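Heads up: the structure comes next, in structure tokens.
The values are calculated or read from the model by the stated rules, or taken from the named source; none is laboratory data. Worth saying up front: this structure is predicted, and the values here are computed from it rather than measured. We place every Cβ from the backbone using ideal geometry, glycine too, and count neighbours over all the protein chains shown. The area values use the complete protein model at the heavy-atom level, side chains included, leaving out ligands, DNA and RNA. Shrake-Rupley method; radii C 1.70, N 1.55, O 1.52, S 1.80 Å.
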Amino acid sequence: MKTVFVTVGTTSFDDLIGAVTSDECVKTLIDRGYTDVVLQVGRGSVVPDPDSCPGLTLQVFRFKDSIAEDMRHSDLVISHAGAGSCLEALGANKPLLVVVNDKLMDNHQLELAKQLQADSHLIYCTCSTLPQTLRDMDLSALTTYVPGQPENFASFLDKAIGLV
């Protein structure tokens with residue numbers, strides 16, 4: 001059993017939920033050996049039916065007190081590009097595919113995703129490139145994120161959102 005955990009955090013990111021449950025992404029996940037998908041859909045209006053992804057076992061929920069167990073039991077995390085979700089997945093030492101919401105204005109999430117990909121900690125894409133990214137991704141090329149210098153991360157975020 002190989003599990004994908006998808007999280008949108010506390011936001012609404014219907015495009016991500018729609019993309020990951022599309023026929024093309026479902027086929028790619030199955031081709032890559034995944035059997036289960038757990039979707040955390042947050043405040044979104046797209047709530048897929050458990051039978052909507054033939055060939056995959058699908059579980060859907062909006063919120064939990066903690067998603068740590070879902071991450072711990074996953075083989076791949078697909079997340080929105082929120083800093084909290086990224087750090088939680090990286091801290092759990094899980095392969096991370098970040099999907100940037102390119103509809104956001106002044107998108108500091110893109111800067112975070114670019115830097116963490118440049119450091120080989122994650123792979124990022126957009127909803128429109130998700131199917132191809134899933135096909136092409138090489139999770140073995142990712143390196144472990146070593147926390148411990150939060151001031152560097154805070155400084156990066158300050159620069160990314162224009163506070164410095």
Just give me the residues in the stretch 129-145 being touching a helix residue (DSSP H, G or I) at 6+ places or on another chain (Cβ under 9 Å) and loosely packed, with under 11 Cβ neighbours inside 10 Å, in sequence order.
-> Thr144
Do we find a residue being over 19 Å from Thr10 (Cβ atoms), open to solvent by 30 Å² or more (accessible area, probe 1.4 Å) and not aliphatic (A, V, I, L, M) anywhere in the stretch 96-104?
-> yes
Among the residues of the stretch 105-127, which ones are farther than 18 Å from Thr144 by Cβ, open to solvent by 10 Å² or more (accessible area, probe 1.4 Å) and either in contact with a helix residue (DSSP H, G or I) (Cβ under 6 Å, 6 or more places away or on another chain) or charged (D, E, K, R) (or both)?
-> Asp106, His108, Glu111, Lys114, Cys127
From (1) open to solvent by 20 Å² or more (accessible area, probe 1.4 Å); (2) in contact with a helix residue (DSSP H, G or I) (Cβ under 6 Å, 6 or more places away or on another chain); (3) free of Cβ contacts under 8 Å to residues at least 40 places away in the same chain, pick out the condition that doesn't hold for Gly44.
-> (1)
If only one of Val6, Val60 is of a type in the set (Val, Ile, Thr) and closer than 30 Å to Ala154 by Cβ, which one is it?
-> Val6
For Val38, are the conditions met, namely being buried (at least 21 other Cβ atoms within 10 Å of the Cβ) and either over 26 Å from Gly162 (Cα atoms) or within 13 Å of the chain's Cα centre (by Cα) (or both)?
-> no
Across the stretch 13-60, which residue is nearest to Val77 (Cα to Cα) among those that are touching a Leu at 6+ places or on another chain (Cβ under 6 Å) and not hydrophobic (A, V, I, L, M, F, W, C)?
-> Thr28
Restricting attention to the stretch 54-74, which residues are touching a residue at least 40 places away in the same chain (Cβ under 8 Å) and surrounded by 13 or more Cβ atoms within 10 Å (Cβ to Cβ)?
-> Ile67, Asp70, Met71, His73, Ser74
Identity of the residue in the stretch 12-40, in contact with a strand residue (DSSP E or B) (Cβ under 6 Å, 6 or more places away or on another chain) and in a loop (DSSP other than H, G, I, E, B), that ends up modelled with the lowest pLDDT = Phe13
Please specify each residue of the stretch 38-56 satisfying the condition of being among the hydrophobic types (A, V, I, L, M, F, W, C) and touching a Ser or Thr at 6+ places or on another chain (Cβ under 7 Å).
-> Val38, Cys53, Leu56
Result of the Cβ filter at 8 Å on the stretch 22-33, keeping first residues that are under 7 Å from Pro131 (Cβ atoms) and open to solvent by 80 Å² or more (accessible area, probe 1.4 Å) and partners that are assigned to a helix (DSSP H, G or I) and not acidic (Asp, Glu), at least 6 apart or interchain, is Glu24/Pro131
Answer yes if at least one residue in the stretch 60-68 is closer than 24 Å to Asp102 by Cα, in a loop (DSSP other than H, G, I, E, B), touching a strand residue (DSSP E or B) at 6+ places or on another chain (Cβ under 9 Å) and basic (Lys, Arg), and no otherwise.
-> yes
